[in-house]
Amino acid sequence: MVLAAANVVLALAVAFILIIQSNWIGLAAIGTFSAVLWAVYHQGILTWLERPNLQIMPFKLTPPLFQKAPEFHPTTSQRVGSVFFVNFLLENIGETLAKSCQPVVMAVGRYDAGKWQKQKNWIPLGLEWVLDELSRPATGKPTEERDLVPQKPYHFNLGCLSTTDPHAFRLLVTVAPSAQETRFLRGQYCFEVTVFAEKAKPVTKYFHVKWLGECTDSF
């Protein structure tokens, strides 16, 4: 794109000089340069115009972005409480498929002693997709990357609150390393989330969570 822009400027400069000498020669030069530039760069220009474009929609404290669901025991399948999911809406508002898309928590900050403190040595963690339960038995793991069809709404999880663990806000990540905390107790936190996809510009949002603790069924 930069090379094309430079060539356009050069073509216009040459054409302007030729126009001074002869209007017809100048017009012919513009037409020739335009035809050559289009033939060489049109595919790249069209690809850039039709690129995928990711957008994270604003959060609202209403379903399905804030969603209550029953929580079941992992082995007995008996209901043990309630869980509240914090979800976000992601859309590809571009013209082509956004391939290998994944939301990632890039950094975490905590408000402490009157100022924000960024957590050191944080390793970026991928977030889970909503409605991914059926793929897990087949693959044995959560879906990390997903292709996004243009204009179709998709949801991903930031975290959840649970009556079985009422004092913590938990990030819902695809991989939870033992050496890194994904369970956050009472306090104010800021999560930097970036969504990546092939041939798309990464989009970053900052989510501020003020958690007071004590999650109940009527939360």
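The values are calculated or read from the model by the stated rules, or taken from the named source; none is laboratory data. No experiment lies behind these values; they were computed from the predicted model shown. Here Cβ is always computed from backbone atoms with ideal geometry, including for glycine, and neighbour counts include all displayed protein chains.
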Legend entry - Options Lys205, Lys199: the member that is in contact with a helix residue (DSSP H, G or I) (Cβ under 9 Å, 6 or more places away or on another chain), surrounded by 12 or more Cβ atoms within 10 Å (Cβ to Cβ), in the same structural domain as Lys68 (by TED's automatic domain parsing) and of a type in the set (Lys, Arg): Lys199
Inset, instruction - Can you run down the residue pairs with Cβ atoms below 8 Å, 6 or more apart or on separate chains, where the first is in the range 151-162 and free of Cβ contacts under 8 Å to residues at least 40 places away in the same chain and the partner is part of a strand (DSSP E or B)? - result: none
Inset, instruction - Among what's in the range 159-179 and is of a type in the set (S, T, N, Q) and exposed (fewer than 15 other Cβ atoms within 10 Å of the Cβ), pick the residue that is nearest to the chain's Cα centre (by Cα). - result: Ser178
Legend entry - Qualifying residue in the range 83-102 (condition: free of Cβ contacts under 8 Å to residues at least 24 places away in the same chain, of a type in the set (Phe, Trp, Tyr) and outside any loop (DSSP other than H, G, I, E, B)): no
Inset, instruction - Name, by its number, the condition in (1) surrounded by 15 or more Cβ atoms within 10 Å (Cβ to Cβ); (2) under 23 Å from Pro64 (Cα atoms); (3) modelled with pLDDT of 95 or more that does not hold for Asp147. - result: (1)
Legend entry - In the range 97-140, the residues that are more than 17 Å from Phe184 (Cα to Cα) and charged (D, E, K, R): Lys99, Lys115, Glu128, Asp132, Glu133, Arg136
Inset, instruction - Starting from residues that are basic (Lys, Arg) and under 27 Å from the mean Cα position of the chain (by Cα), keep the ones in the range 48-85 and report whichever is surrounded by the most Cβ atoms within 10 Å (Cβ to Cβ). - result: Arg51
